[in-house]
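Remarks on the structure that follows.
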Amino acid sequence: MNNMEVLYRQVIMDHYKNPRNKGLVQDELYKTIHIKNPTCGDDITVQSKISNGVVEDVRHDGTGCSICCSSASVMSETLLGKSVDDAIKIKDAYINMLTNKEYDEEVELEEAVAYTGVRKFPARIKCASIAWKAFEGTLDESE
Amino acid sequence: MDINNIRKDFPILEDKTLVYLDTAASSLKPIQVIDKLDEYYKKYGVNVHRGVYNLSFIATEQYEKARRKVASFINATFEEIIFTRGASSALNLVASSYGLNNLTKDDEIIVTELEHHSHVLPWQNVSNITGAKLVYLPLDEEGRITIDNFKSVLTDKTKVVAVTHVSNVMGYISPIKEIVKLAHEKGAVVSVDAAQAAPHTKIDVIDLDCDFLAFSGHKMLGPTGIGVLFGKKNLLKEMPPIEFGGDMNDNVDKFDASWKDAPYKFETGTPPIAEALGLGAAIDYLENIGLENIHKYEIELKDYTMKKLKEIEDIEIYNLTTDTGIISFNIKGVHPHDAITYFDGDNICMRAGHHCAQLVIKWLEVLATLRASFYIYNTIEECDKFVSSVKQARDFFKSVGF
Ligand SMILES: Cc1ncc(COP(=O)(O)O)c(C=O)c1O
């Protein structure tokens with residue numbers, strides 16, 4: 001009766017248990033954004049280092065549910081090494097996909113595609129998007 | 001008390017699969033309350049205190065009748081009942097009016113870590129503005145407010161004690177009567193947050209002798225957008241209004257004005273009329289069943305569930321000795337927001353988070369908790385469903401690697 005497997009995909013659990021690119025750095029070349037969702041306690045900080053129009057590094061740290069923490073890790077892997085333009089395209093496609101809006105299906109979401117299941121759980125969309133929103137914020141800072 | 005008949009009064013429960021365990025956040029509403037809102041809007045949905053025509057007279061009568069019901073519900077007098085937007089507004093009124101105008105830097109305000117944000121942040125604000133010192137009553141090892149610990153912080157400087165009647169996370173009942181007695185010996189006033197008490201226990205403000213007491217309609221079968229502040233008459237008399245406008249004034253001149261007596265000087269603007277009437281209907285409903293019966297039944301459901309929950313491995317319960325229908329817990333290693341989605345899948349509504357009470361969540365040293373709360377429309381079968389869902393959730397999260 002409970003279709004939870006749709007949500008807790010292996011990829012998600014893997015990143016939750018073994019987060020990649022976790023831990024912040026003290027470096028002025030990084031832009032840092034901290035987002036907190038006070039209703040549920042998700043608390044995520046994302047850092048990005050952009051040089052020559054390329055996402056050279058993405059770091060993250062924080063506490064929260066598995067969807068929130070894993071998505072930060074998946075995001076970091078997905079966006080690392082991409083051009084800023086591509087990173088923005090992926091981010092937009094991902095957010096639109098989550099919120100059931102039209103999105104460019106040509107854009108390769110890579111492992112982030114595991115979060116399509118979140119659409120069936122409207123109350124959790126925020127959890128899956130908070131890290132991506134923070135990344136978006138770091139780009140605004142860089143401009 | 002016939003639970004099946006009671007359940008029939010709640011239209012939302014026509015969905016037989018729904019298990020509603022979030023009454024501590026907001027209760028469900030019976031048809032009697034919904035009908036009362038309808039009655040107002042359909043038959044005499046006009047303003048109060050203003051029109052000199054018959055329809056407005058009827059609306060005003062109904063509005064003031066609701067106030068009389070609230071007064072008798074907590075054994076207060078008519079003039080001591082102020083309608084507000086909810087418990088939060090009521091508690092803020094006390095701090096903004098009484099607190100800001102009576103406290104100075106040499107005074108102390110006692111608060112507790114059990115308080116809902118609405119009963120600690122207004123006093124933080126008073127403290128920041130007046131320089132009065134905020135003093136925290138140390139909770140005992142269970143997280144309770146005890147008289148001994150209260151005595152340890154009560155001093156000649158104490159001017160205000162802000163304390164919750166029932167904690168919305170731990171479900172403990174505070175020893176309000178004793179606290180009030182001791183506080184009064186020091187000349188301090190006591191503000192009681194009864195948001196979680198009013199739906200479940202008989203409140204008698206004369207017996208408690210508290211100075212202020214607040215609660216919300218929506219947690220006690222009533223509508224949202226209506227709450228109550230009780231204040232002792234002599235205190236309200238001296239307190240200035242905090243909102244100014246229509247209805248609350250007496251005579252208005254260019255550079256000054258005079259106010260009506262309480263409660264009206266605290267009720268400016270068009271009040272939540274339908275909501276006040278709905279609250280009156282909710283009180284009728286509660287009194288018809290009897291608060292003692294309600295409390296007894298809740299405890300029955302809670303005891304039954306607690307016993308079963310304790311037997312499940314990997315469940316952490318934070319308030320084993322809760323005095324009400326509130327159980328706070330977690331599945332070990334599973335963030336409450338992950339857990340809550342599982343329960344949602346079983347159509348069980350529960351709260352996950354810090355419940356607007358971050359101080360006690362920090363005191364518990366957890367990130368957040370799950371909270372189940374039981375009320376008159378819940379059944380033993382629902383308790384069983386809940387317990388089995390908890391077990392399945394634990395197994396599921398284990399199976400995917402939590
Ligand atoms: C103990 C307690 N106090 C105050 C409140 C605030 O009530 P409201 O949100 O209706 O203003 C609540 C409920 O959220 C509560 O549980």
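No lab work stands behind these numbers, since they all come straight from the coordinates. Note that the structure is predicted; figures quoted are calculated from it, not measured. Positions of Cβ are backbone-derived with ideal geometry, glycine not excepted, and every protein chain shown enters the neighbour counts.
Some notes on this structure:
- Farthest toward positive dipole pole in the stretch B:1-159 [+1 Lys/Arg, -1 Asp/Glu at C-beta], among B:Val153, B:Gly143, B:Thr60: B:Thr60
- Under 5 Å, built H, 5+ apart or other chain: amide partners of B:Ile110: B:Val135, B:Lys159, B:Val160, B:Val161, B:Ala162
- Whole-Hz couplings from phi, Karplus 6.51/-1.76/1.60, listed for the stretch A:133-138; x for Gly and Pro: 5, 5, 4, 3, x, 5
- The protein assembly as shown: antiparallel DSSP beta bridges as a percent of all, rounded to 5: 65 percent
- Inter-chain Cβ neighbour average for residues B:337-347, partner chain, 10 Å: 6
- Straight-line cross-link reach from B:Lys43 at under 25 Å between alpha-carbon atoms covers these lysines, not counting any fewer than eight positions away in the same chain: B:Lys29, B:Lys65, B:Lys69.
- Hits among lysines - C-alpha to C-alpha of B:Lys310 under 16 Å, sequence gap 8 or more where chains match: B:Lys302, B:Lys332, B:Lys385, B:Lys391
- Protection proxy ranking for A:80-88, B:270-278, using the average of other Cβ atoms within 10 Å per residue and placing the highest first: B:270-278, A:80-88.
- Think of it this way: in the protein assembly as shown, A:Cys40, A:Cys65, A:Cys69, B:Cys210, B:Cys349, B:Cys356, B:Cys383 stand alone, with no other Cys Cβ under 4.7 Å.
- Size of electric dipole in the protein assembly as shown: Cβ of Lys, Arg +1 and of Asp, Glu -1, about Cα centre, debye, nearest 20: 760 debye
- Alpha-carbon gyration tensor eigenvalues x 5, square-rooted, for chain B, Å: 36, 28, 17
- Cross-link table A:Lys36/A:Lys89; B:Lys237/B:Lys260; B:Lys105/B:Lys181, entries beyond 20 Å C-alpha to C-alpha: A:Lys36/A:Lys89; B:Lys105/B:Lys181
- In sequence order, the stretch B:59-70 has phi-based couplings of 4, 5, 4, 5, 5, 6, 5, 4, 5, 4, 4, 4 Hz under the Karplus curve 6.51 cos²θ - 1.76 cosθ + 1.60, θ = phi - 60°, and Gly or Pro positions carry x.
- Taking a ≥ b ≥ c as the square roots of the eigenvalues of the Cα gyration tensor, the stretch B:134-219 is oblate, since a/c reaches 1.5 or more and a/b is not larger than b/c.
- Packing, taken as the mean count of other beta carbons within 10 Å per residue, orders the peptides B:106-114, B:341-349 from highest to lowest as B:106-114, B:341-349.
- Considering only the stretch B:64-170, percent of DSSP beta bridges that pair antiparallel, nearest 5: 0 percent
- Counting Cβ atoms of other protein chains within 10 Å of each Cβ in B:393-400 and taking the mean gives 3.
- Of the peptides B:211-220, B:198-207, the ranking by mean beta-carbon count within 10 Å, highest at the top, reads B:211-220, B:198-207.
- Shielding of peptide A:61-69 by partners, expressed as the average count of other chain Cβ atoms within 10 Å per residue Cβ, is 4.
- When the Gaussian network model of chain B links Cα atoms closer than 10 Å, the mean-square fluctuations of B:Asn251, B:Asn149, B:Asn168 top out at B:Asn251.
- 3J(HN,Hα) from dihedral phi, the stretch B:163-173, Karplus parametrisation 6.51/-1.76/1.60, rounded to Hz, x for glycine, proline: 9, 7, 6, 10, 6, 7, 10, 9, x, 7, 9
- Based on Cα contacts under 8 Å between residues 6+ apart, the stretch B:155-251 shows a relative contact order of 22 percent.
- The stretch B:127-211: GluC sites (Glu not before Pro) in DSSP loop, at most 10 other beta carbons within 10 Å: B:Glu141
- Residues with amide H under 5 Å from that of B:Ile173, placed H, sequence gap 5 or more: B:Asp323
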